[in-house]
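Down below is the structure, laid out as structure tokens.
Each reported figure results from applying straightforward, stated rules to the coordinates on display, with no laboratory input. Predicted model only: the values in this text are computed from it and were never measured. Virtual Cβ from ideal backbone geometry, glycine too; neighbours counted across all protein chains shown.
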Amino acid sequence: MPKTKKILARRLTKIYNILLKSHGSQHWWPADTPFEIMTGAVLTQNTNWLNVSKAINNLKAAGLLDPEKLLKNKRKATRLVKPSGFYRLKGQRLLAFCEYYVTRYKANIKQMKKRNLKSLRKELLSIKGIGMETADSILLYALDRPIFVVDAYTRRIFSRHGYFDYDEPYDNIRLLFEHNLPRRSKIYNEFHALLVKLGKTRCKKNEPLCNTCPLQHI
């Protein structure tokens, strides 16, 4: 791992530029509304995006992709998110988030955006079933706040390159990126999405395709 902040910042910027050149802009998170992003962030826990998109499409088709409507149709909403896996648990978590969003902010994204990042993160983490990755995904992608999302792909890629141990505490990894990259949500958004792309296509959990990885000589 690079020993100085200056070297680390250069390395991270180089990795970002290589991935952007290799894979192009990812245009992530795919959604029509901020609440759809929030819903996806909750449902994507321990599953793949294809399953989440099926669950979201179910909610859309039923006209229930709305926090207040979900709270009025709890049983139906829980059934509709079944494709996301662990649907009873996912349903409870989504409804808990909706309760918070409606009660605290009247389901108004503009009101929510008035809160500072630290306060919002603390609130989100207080919701049952909302962990750091989910909270930070909501903050970055739905609220456009400059916070770096750490997921399994981030851990896998950078631990294999010796930047930190795979099991390094979440916030240690998050701050490593935030302290060594420009504090811009656009960069954090794109970098995270590019790491997901690399993890899915090259840096796989089993049998990684190292010979074709754009970072093989970093």
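Which FRET efficiency, nearest 0.05, do LYS106 and ALA62 yield, Cβ-Cβ r, R0 22 Å?
On the way: r = 23 Å, r/R0 = 1.03.
Rounded to the nearest 0.05, the efficiency is 0.45.
Where nothing but the Cβ of Lys and Arg (+1) and of Asp and Glu (-1) is charged, how large is the charge dipole of the chain around its Cα centre, in debye to the nearest 20? Could the numbers behind the result be given before it?
Details: 42 positive and 17 negative charges, 52 e Å.
Value, rounded to 20: 240 debye.
Alpha carbon centre of region 81-156 versus region 35-52: separation in Å?
Going from one Cα centre to the other spans 11 Å.
Give me the extension gain from LYS76 to ARG183: residue separation times 0.36 nm, minus the current Cα-Cα distance, reported in nm with one decimal.
Values: separation 107, 0.36 × 107 = 38.52 nm, distance 4.09 nm.
Once the chain is fully extended between LYS76 and ARG183, it gains 34.4 nm.
Holding the Cα-Cα limit at 22 Å, pick out from LYS54/LYS74; LYS72/LYS128; LYS14/LYS114 the pairs that are longer than that. If you can, show how the numbers build up before the last one.
Values: LYS54/LYS74 18 Å; LYS72/LYS128 19 Å; LYS14/LYS114 34 Å.
In this structure, LYS14/LYS114 exceed 22 Å between Cα atoms.
Quote the relative contact order of region 91-137 in percent (integer), defining contacts as alpha-carbon pairs under 8 Å separated by 6+ residues.
Working: 21 pairs, mean separation 16.5, N = 47.
Value for region 91-137: 35 percent.
Using 0.36 nm per residue of separation minus the Cα-Cα distance, give me the extension gain between ASN116 and TYR166 in nm, one decimal. Could you put the intermediate results ahead of the total?
Working: separation 50, 0.36 × 50 = 18.00 nm, distance 3.01 nm.
Between ASN116 and TYR166, full extension yields 15.0 nm more.
Any chance you could run the full-extension gain for SER159 through ASN17? It's 0.36 nm times the residue separation minus the Cα-Cα distance, nm to one decimal. Could you put the intermediate results ahead of the total?
Values: separation 142, 0.36 × 142 = 51.12 nm, distance 1.92 nm.
Here the answer is 49.2 nm.
In nm, to one decimal, how far is the ALA96 label point from the LYS200 one, both placed 7 Å along Cα→Cβ?
Each label point lies 7 Å from its Cα, and together they span 2.7 nm.
LEU50 to ARG10: FRET efficiency via 1/(1 + (r/R0)^6), r the Cβ-Cβ distance, R0 30 Å, to the nearest 0.05?
Numbers: r = 36 Å, r/R0 = 1.22.
The formula returns an efficiency of 0.25 here.
What is the fewest-to-most order of GLU207, GLU178 by other Cβ atoms lying within 10 Å of their Cβ?
Working: GLU207 6, GLU178 15.
Ascending number of Cβ neighbours within 10 Å: GLU207, GLU178.
Taking other Cβ within 10 Å of each residue's Cβ, how do LEU19, LEU8, LEU175 sort, fewest first?
By the 10 Å Cβ count, ascending: LEU175, LEU8, LEU19.
Provide ASP144, ASP151 in ascending order of the number of other Cβ atoms located within 10 Å of each residue's Cβ, fewest first.
Numbers: ASP144 12, ASP151 17.
Fewest to most other Cβ atoms nearby, the residues stand as ASP144, ASP151.
Explain nothing, just the number: relative contact order of region 40-107, from Cα pairs under 8 Å at least 6 residues apart, as a whole percent. Intermediate results must be reported in sequence, preceding the final value.
Values: 71 pairs, mean separation 24.2, N = 68.
Computed value for region 40-107: 36 percent relative contact order.
Report, in degrees rounded to the nearest 10, the 0 to 90 angle that the Cα long axis of helix 5-23 makes with the longest principal axis of the chain.
70
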